[in-house]
Structure formats: structure tokens, C-alpha cells
Amino acid sequence: MNEVQNGAGSEAISLYNFSEKILEQAVHFHVMKFNGGFFLWVGSAPVLSNLAVSMSSKYDSMPLSTLVMGDPSNTAANSLAQRLAKRTKKQVFVSYSLPMTDSSLSLLVENRIKKELELHPEHF
């Protein structure tokens, strides 16, 4: 785990990384926190295969969410961004670059993110 801060004051962008072996696969997490939100990349190789964004709306209890780039049939990034936006009340960008072959992997990855949110909320 490491953290890097650039800039000064509340406008600083901070970086935070953590990794875990989940179902015999190394999964890396990269968080870039900025004023009002964060970007989360999840993957096992340095690939940006999709990007989703989600944010709260005063018109609906469920955050708005859209896929900015990537395959629209793969809803993992969109769903995760929406759940994280609801949980954190922040604007959330998510890139989920893991194969969708195992649904239990997705669940374990999301549980690992929730654990990190509880242990280190200052990074999100």
C-alpha cells in the first residue's frame, strides 16, 4: 500500500494502491482521490478496458450512472460505480479490467473494496 499526494490544500489529488490475491489471481486496486470524488481502477494487468461514472442525483435515491467507454454488455464497471457512489455520496469513476468469467470473483473483489473503505476511508 502506498500513497502519493500532489498539490496543496483541499484541491490535492492523492493516490492509493493496494493488492490482494483473490481466487489465485493477483488483483490490483488503484485509487485516485480528488475533490468531491475518486477514480478506482481494478485489474490484474495495466489495461483500461472500460470506464464508468456515477453520481448522486436530487431526483432519485439511486445514483445516476453511465458507461463512458468500453463494451456496454459488460456492466461490471457501471454497477460498481453506482454502488460506490451510493455508499460514499461522491462522484465515482470506475474501470473494472478483470475477466467476467467468474461471478464469485466479482463479489470477492467488491467485498475487498468495501473492506478497504472501512479500514481507510480517508483514501476514498
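The values are calculated or read from the model by the stated rules, or taken from the named source; none is laboratory data. Quantities reported herein were computed from a predicted structural model and do not represent experimental measurements. In this analysis, Cβ positions are derived from the backbone assuming ideal geometry, glycine residues included, and neighbour counts consider all displayed protein chains. Side chains included, ligands, DNA and RNA excluded: accessible areas come from the protein's heavy atoms. Shrake-Rupley method; radii C 1.70, N 1.55, O 1.52, S 1.80 Å.
Before moving on, here are some points about what is shown:
- Scanning the stretch 80-98 for residues that are open to solvent by 40 Å² or more (accessible area, probe 1.4 Å) and touching a strand residue (DSSP E or B) at 6+ places or on another chain (Cβ under 9 Å) yields Q82, R83, K86, K89, K90, Q91, F93.
- Selection from the stretch 1-43 of residues that are modelled with pLDDT under 95 and under 17 Å from L105 (Cα atoms): L23, E24, Q25
- Among residues of the stretch 102-118 that are of a type outside the set (V, I, T), those with a beta-carbon under 6 Å from a residue that is open to solvent by 70 Å² or more (accessible area, probe 1.4 Å) and modelled with pLDDT under 95 at least six positions away or on a different chain give the pairs L105/L23.
- Of all residues in the stretch 77-121, those that are assigned to a loop (DSSP other than H, G, I, E, B) and acidic (D, E) total 1.
- Residue within the stretch 66-85 that is of a type in the set (D, E, K, R) and under 17 Å from V31 (Cα atoms) present: yes
- Listed conditions (1) assigned to a strand (DSSP E or B); (2) within 18 Å of V27 (Cα to Cα) are all met by S49, apart from (1).
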